[in-house]
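The values are calculated or read from the model by the stated rules, or taken from the named source; none is laboratory data. Here the structure is a predicted model, which is why all the values come from computation and not from measurement. FYI the Cβ positions are ideal-geometry reconstructions off the backbone, even for glycines, and counts take in every protein chain you see. Just the protein is used for accessible areas: all its heavy atoms, side chains included, with ligands, DNA and RNA removed. Shrake-Rupley method; radii C 1.70, N 1.55, O 1.52, S 1.80 Å.
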Amino acid sequence: MSTFLEVRHLGRNFGGVRALHDVNLTVSLGEVVGIMGANGAGKTTLFALIAGNLRPGTGDILLDDSSIVGLSPDRICRRGVGRTFQTARPFGDLTVLENIITAARFGMHRLDAHAAEKRAVLLLDIVGLGTRRNQISGDLTLSGQKRLEVARAVATGARLLLLDEVMAGLTPTEVAQMLEVVQTLKAENSLTILIIEHVMRALMRISDRILVLHHGEAIACNAPAEIARDPRVLDCYLGLHA
Amino acid sequence: MTKATPFLLGLLCFGLLPLTGQDYLIGVSFTLLTWIALTQSWTLLSGFAGYISLGHVVFFGLGGYFVVLTWGILPYWISLPLACLVTFVFAIAISIPVLRVSGPYFVILTFGLAEFVKYVVMAVESHLGQFGRLLLGVPSLATLYWLALFLATLATLITFVIRRSRLGQGLIAIRENEQAAEAIGVPVTRYKTIAYGLSATIPGAIGGLIALRTSYFEPQQIFDPVVSFTVLTSAIIGGSDDVRGPILGAAFLTLLSELLWARAPQLYLILLGILLIVFVVILPNGICGLLRRRAAQA
Amino acid sequence: MTSFFEILTSGQLLLAALITGTIYATVGLGLNLVYGTMRLLNVAHGEFLMLGAYVAFWGFSLFNVSPFLSAVVAGVLTAALAAALYFGMLRWCLRNPRMRKRIEPNSLLIFVGVSIILQNISALSFTGTPRGYQYLSGVMTLGSISISANRLGAFVFCIAICIATLIFLRRSATGLAIKALIQHKEAAEIVGVNVTRLEFFALCAGFATAGIVGALVSMTEQTTPFMGFPFTIAAFIVIIMGGLGNLAGGIVTGLLLGFIETYGVAFTSAAWSSILLYGVFVLALIVRPEGIFTVRQVVR
């Protein structure tokens, strides 16, 4: 499988705090890499660096073999990166449909109004918001907003999807629903996915590999089964040897 | 074409007005048209992108100053378009630092900037030994009226076209959530700069028109912050999400001003202040927003 | 034309700068209290100052009351006005979840309205004629420095306010609670701070400061309905450059601003005072919207 995203020796400080240090990651096309770690481990910083919201202190990020460091977030989006935010950020006063149409008109494909609407309707049906098309997005339930976030990121034509805790705050049923949505979207749009999650079940189920961050450093990157057995991971999470 | 009918009718009415020879009516309509043009241009950045400006007068004033400075050297049909260019360039020039600031700080920044420019112009005028300039040989009211009508129509058209364009959609996304807009590929910096520049253009000519109408120029007058305040209140009362809002708002305020200004200008402003507060608190989308909601519920 | 050197070493100018700076610092203090606790961007701050000035003017002209006494009255009146605003409108706004989300930009626009209303009510009631009066205008001299007694009095009063506020915030229980509230509202609530009551107190105190300074300033400045703008701008420079909610940093910034303005005008001319003030304001907003003295992250 070809390398799609490569993170090399990535580091970023905030004043005296080392948010990320010497993180390396290679993601193949079509892979799903889960990212786990305690709060403050550097997960969202990693996403912010890839998506262009932050500049790395050290290291490089390569998408499709070309560096995306220093590009603005909108240009990185146009290169094929879509992301969701930890707290949902819908275009609150716009309808659900308008949210997706806007994303489809920008992003990588930049569809015209007509094509954008068709794509939007399609995506909304996949994520289960088809019937709520004309609802004001600010009025959606949490589950609805989270699914809207995902649909919007995919609507940009993204090939790399960064999912930031899309299951947070959802009930077990909604989590299962979201898992299904993500898997369907992945299949229909040939996506490569990086997913930050605290909901372990979901993470283990969906990931091909899991990257474990601890205090800004990558302490393991392996298949879920190996991670569950990894002594370093167990140490950090359960304090077995501490 | 039914949606356009009220506009075309209005245009016809405005167009036929000078034929009545009623100078008072023409004067009031002239004022109304200039407010429409100012409010429509304000909407481009402040309404669509949500970067609310309390300093719109700075473009108005600079354009007016340019026309006044070149009076006698350039004919008005050259100096007015040039004034537009001057204000456009000025806006683009300052856009980089200014648009980095957002939210309420942008509001007070625009105010501070307008005042700053006002005091600079006052100092320049004082240095040049000028304490108010008289303009001789200004165009007739009818000429100024036609120009105002042209500019108001143009401003409305521009707002209309942009609202439906990708630029407009991007600006609205920026208003709703700038970070999310950036994440979906909206070139936020570029769009904001374009909107800011465009919003500055027509006010430049309007400033020139007003200077010619009063045939008198004084920095404190033409850079009066009440102009910014009126434009903002106009847009909030009328609603700024589509082209009807600014027209409604401007019409409402012009009517109010005609009723009150001659007798009690302070009362007019007090009322404006009250209206601003009421609309911000209860009807943030203005009259148009209310109408739209009623239509959606029906 | 005095020389560069003479300007730099003039004790007279130094005192003038200190006084102006202290006044700015005190005005900024009030705004900081209001903004730090309630996140309300009060652009009408200068108008409350203006009201205080009128209270002192009428107090002296009609009843021969000392402006220092009027300052107290002014403080009470502006605090009452603040309370009226709070109960009449602000409390409803803050309770409404939709409005609460957009409280910062909305409060700004609301206060723009308040500002216009206050200016024009004053213009209507008192006319736009500039008002002035003579009180304690005898000049005192110390060496090469001379100062009018009223200006000295205002200076001392403002210093007292600043010091008293800082001590209050540092020593008293309520003061500590306010500091906690400014730094992290939710955390303060959890540890039992009565947030609503303190916010209200800070609001009234903040506005009262404006009224008091207005009364003091009326002794030496001309009182007009539109005198408030420069003070509002100065107050905003103080809170932006001093760090939002950072009261001590604000005082330092106020002093700095006084120096910039006084010495700036000395090197150029009086016409430049507004250019300087607004220029610094614009720069402050562009360069450091987070504040130069912000050390801690103010969490909301």
(message) Taking the criterion of being buried (at least 17 other Cβ atoms within 10 Å of the Cβ), among the basic types (Lys, Arg) and away from every other protein chain (no Cβ under 14 Å), would at least one residue in the stretch C:184-193 satisfy it?
(response) yes
(message) Just to be sure before I move on: is A:Ala158 modelled with pLDDT of 85 or more and out of contact with any Gly (no Cβ under 9 Å at 6 or more places or on another chain) in the structure I sent?
(response) no
(message) Being closer than 21 Å to B:Ile174 by Cα, open to solvent by less than 10 Å² (accessible area, probe 1.4 Å) and part of a helix (DSSP H, G or I) is true for just one of A:Val175, A:Val150. Which residue is that?
(response) A:Val150
(request) Could you grab the pairs with beta carbons closer than 8 Å, sequence gap of 6+ or different chains, first residue in the stretch A:102-127 and within 9 Å of another protein chain (Cβ to nearest Cβ), second one surrounded by 17 or more Cβ atoms within 10 Å (Cβ to Cβ) and aromatic (Phe, Trp, Tyr)? (result) A:Thr102/A:Phe91
(request) Would you be able to say whether some residue in the stretch A:45-55 is assigned to a strand (DSSP E or B), over 19 Å from A:Thr192 (Cβ atoms), of a type in the set (D, E, K, R) and modelled with pLDDT of 90 or more? (result) no
(request) Kindly list the number of the only condition in (1) in contact (Cβ under 8 Å) with a residue 24 or more places away in the chain; (2) more than 9 Å from every other protein chain (Cβ to nearest Cβ); (3) part of a loop (DSSP other than H, G, I, E, B) that fails for A:Leu71. (result) (1)
(message) Looking only at the stretch A:15-68, filter to residues that are in contact with a His (Cβ under 8 Å, 6 or more places away or on another chain), of a type in the set (D, E, K, R) and in contact (Cβ under 8 Å) with a residue 60 or more places away in the chain; which one of those is least open to solvent (accessible area, probe 1.4 Å)?
(response) A:Asp22
(request) Residue by residue through the stretch B:143-168, note down the ones that are β-branched (Val, Ile, Thr) and surrounded by fewer than 17 Cβ atoms within 10 Å (Cβ to Cβ). (result) B:Thr143, B:Val161
(request) Would you point out which residue out of C:Ser107, C:Ser122, C:Ser137 is part of a helix (DSSP H, G or I) and closer than 23 Å to C:Tyr54 by Cβ? (result) C:Ser122
(request) Would you mind finding the one in C:Tyr54, C:Tyr35 that is of a type in the set (Phe, Trp, Tyr), modelled with pLDDT under 90 and under 19 Å from C:Gly228 (Cα atoms)? (result) C:Tyr35
(request) For B:Val107, indicate whether it is within 14 Å of chain C (Cβ to nearest Cβ) and at pLDDT 90 or above. (result) yes
(request) Out of the residues in the stretch B:248-260 that are open to solvent by 30 Å² or more (accessible area, probe 1.4 Å) and within 15 Å of B:Phe30 (Cβ to Cβ), state the one that is farthest from the other protein chains (Cβ to nearest Cβ). (result) B:Ala251
(request) Filter the stretch B:181-224 for residues that are surrounded by fewer than 19 Cβ atoms within 10 Å (Cβ to Cβ), in contact (Cβ under 8 Å) with a residue 24 or more places away in the chain and not aromatic (Phe, Trp, Tyr) and give the result. (result) B:Thr189, B:Thr193, B:Ser215, B:Glu218, B:Gln220, B:Asp224
(message) For C:Arg91, only one of the following conditions fails: (1) closer than 21 Å to B:Gln266 by Cβ; (2) within 14 Å of another protein chain (Cβ to nearest Cβ); (3) open to solvent by 60 Å² or more (accessible area, probe 1.4 Å). What is its number?
(response) (1)
(request) Sort out which residues of the stretch B:1-19 are of a type outside the set (A, V, I, L, M, F, W, C) and either surrounded by 10 or more Cβ atoms within 10 Å (Cβ to Cβ) or at pLDDT 85 or above (or both), and write them in order of number. (result) B:Pro6, B:Gly10, B:Gly15, B:Pro18
(request) Determine which single condition C:Thr220 fails, assuming it passes every other condition in (1) without any contact (Cβ under 8 Å) to a residue 60 or more places away in the chain; (2) surrounded by fewer than 21 Cβ atoms within 10 Å (Cβ to Cβ); (3) farther than 20 Å from B:Leu113 by Cα; (4) not basic (Lys, Arg). (result) (1)
(request) Determine whether B:Val278 is outside any helix (DSSP H, G or I) and at pLDDT 90 or above. (result) no
(request) Considering only the stretch C:61-87, state which residues are farther than 28 Å from B:Ile277 by Cβ, open to solvent by 10 Å² or more (accessible area, probe 1.4 Å) and in contact with a helix residue (DSSP H, G or I) (Cβ under 6 Å, 6 or more places away or on another chain). (result) C:Val65
(request) Output the number of residues of the stretch C:153-191 satisfying the condition of being within 20 Å of the chain's Cα centre (by Cα) and among the charged types (D, E, K, R). (result) 1
(request) Test B:Leu171 against the criterion of being open to solvent by less than 10 Å² (accessible area, probe 1.4 Å) and within 14 Å of another protein chain (Cβ to nearest Cβ), and give yes or no. (result) yes
(request) Can you give me the number of residues within the stretch A:102-133 that are over 21 Å from A:Met178 (Cα atoms) and more than 20 Å from the chain's Cα centre (by Cα)? (result) 10
(request) Considering each of B:Glu178, B:Glu125 in turn, give the residue that is within 14 Å of chain A (Cβ to nearest Cβ) and surrounded by fewer than 22 Cβ atoms within 10 Å (Cβ to Cβ). (result) B:Glu178
